[in-house]
1. Where does helix 304-316 land angle-wise versus the long Cα axis of the chain, in degrees 0 to 90, nearest 10?
2. Name the residue, out of 230, 163, 62, whose mean-square fluctuation peaks in a Gaussian network model built on the chain with Cα pairs under 10 Å.
3. Gaussian network model of the chain, Cα springs within a sub-10 Å range: biggest mean-square fluctuation belongs to which of 47, 216, 178?
4. Using all alpha carbons of the chain, what is the percent of pairwise distances in each 10 Å bin, ordered from the shortest bin to the longest?
5. Suppose the chain between residue 95 and residue 56 were pulled fully straight at 0.36 nm per residue; how much longer would it get relative to their current alpha carbon spacing?
6. Working only with C-alpha atoms, what are the Rg and Dmax values of segment 180-302, expressed in angstrom?
7. May I ask you to derive the FRET efficiency for residue 239 and residue 273 from their Cβ-Cβ distance with R0 = 22 Å, giving the value to the nearest 0.05?
8. For the pair residue 124 and residue 315, how long in nm is the line joining their label points, each one 7 Å along Cα→Cβ?
Ligand code: SAH
């Protein structure tokens, strides 16, 4: 695979342009074209000779939409092809307040959570910063968005992969995506979801990029949590909470917990009580969702009644919580489901 031009910061693009014998202002034209989601070869205000030089070294189209599935609720799911032939997936969800895109940070995932399709084949490779960014650039362009008037208003790092297991590329992506004069998505409109890689949560707090920190909890008891999330063996809930508090101290951002309700596993009364005892009084919000069933994984989602009972208990105890609707369940909305089925030739 060639290099990915979208990995570069604006300053690095300026140096590149100069090193290729072009005037510095060409960097702004190049950057702008890329932020509009264009291929290098489609940027019209650059000379053919300059573009040919770029194309010797860089991929013209690092991320291409290979397939689109549209759900009855308007959610779109994409299968993206990368330049080396790997595939990843992403989701575009329409809400009243704007549109949220869910992006992947790795091809596959090494975390192997018991309910998740992304970990089925292990980790294949990390995505580069530009491959993460390009998912947004192409989808924004697809929906008629520009850097000035974005179609993608919010971003969640909740596709395949563990963003904090690909730390350097994820942070570089966050800087490039939020930079003014680029696609300019504010860190406040970006949520980074982690299974709880504690040392990297501290590092992120110190980066000065105040994204919304989301932790996938799914159980408030360490031993039970480790049953469905192998990463929980390494990082205990008490340490995750300390890292969350540090994040809050540093950024002033309240943190969020994801809790996917799994029937017979984490959705009973005693699980809600345990969650309340662990989170009470903290500056946090709980996002409940009923598990999206993955056919390769032997776990089923809580039913609606169980889910509302769980939500009711949290609310009664004064916790801030919402039960999210399962968008795109009919198109394999959960992480890694579409890729897993395509890899099997379905
Ligand atoms: N690795 C990161 C981000 C990717 S997963 C993390 O663990 O947070 C994004 C969220 O979707 C996580 O909360 C994850 O636990 C959850 N998830 C994965 N598969 C799911 C499924 N089948 N149904 C419901 N939620 C799921």
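1. Between the helix axis and the principal axis of the chain, the angle is about 80 degrees.
2. So, out of 230, 163, 62, the one fluctuating most is 230.
3. Taking springs between Cα atoms under 10 Å, the residue moving most is 47.
4. With 10 Å bins starting at 0, P(r) equals 5, 25, 33, 23, 9, 3, 0.
5. Details: separation 39, 0.36 × 39 = 14.04 nm, distance 4.11 nm.
Residue separation times 0.36 nm, minus the Cα-Cα distance, leaves 9.9 nm.
6. Considering segment 180-302 through its Cα atoms, Rg and Dmax are 15.3, 50 Å.
7. Values: r = 22 Å, r/R0 = 1.00.
Efficiency at R0 = 22 Å is approximately 0.50.
8. Taking the simple label geometry, residue 124 and residue 315 are separated by 4.2 nm.
No value in this document is a laboratory result; all are computed from the given coordinates. In this text the structure is predicted, and so the values were computed from the model without any measurement. All Cβ positions, glycine included, derive from the backbone under ideal geometry; neighbour counts span all protein chains shown.
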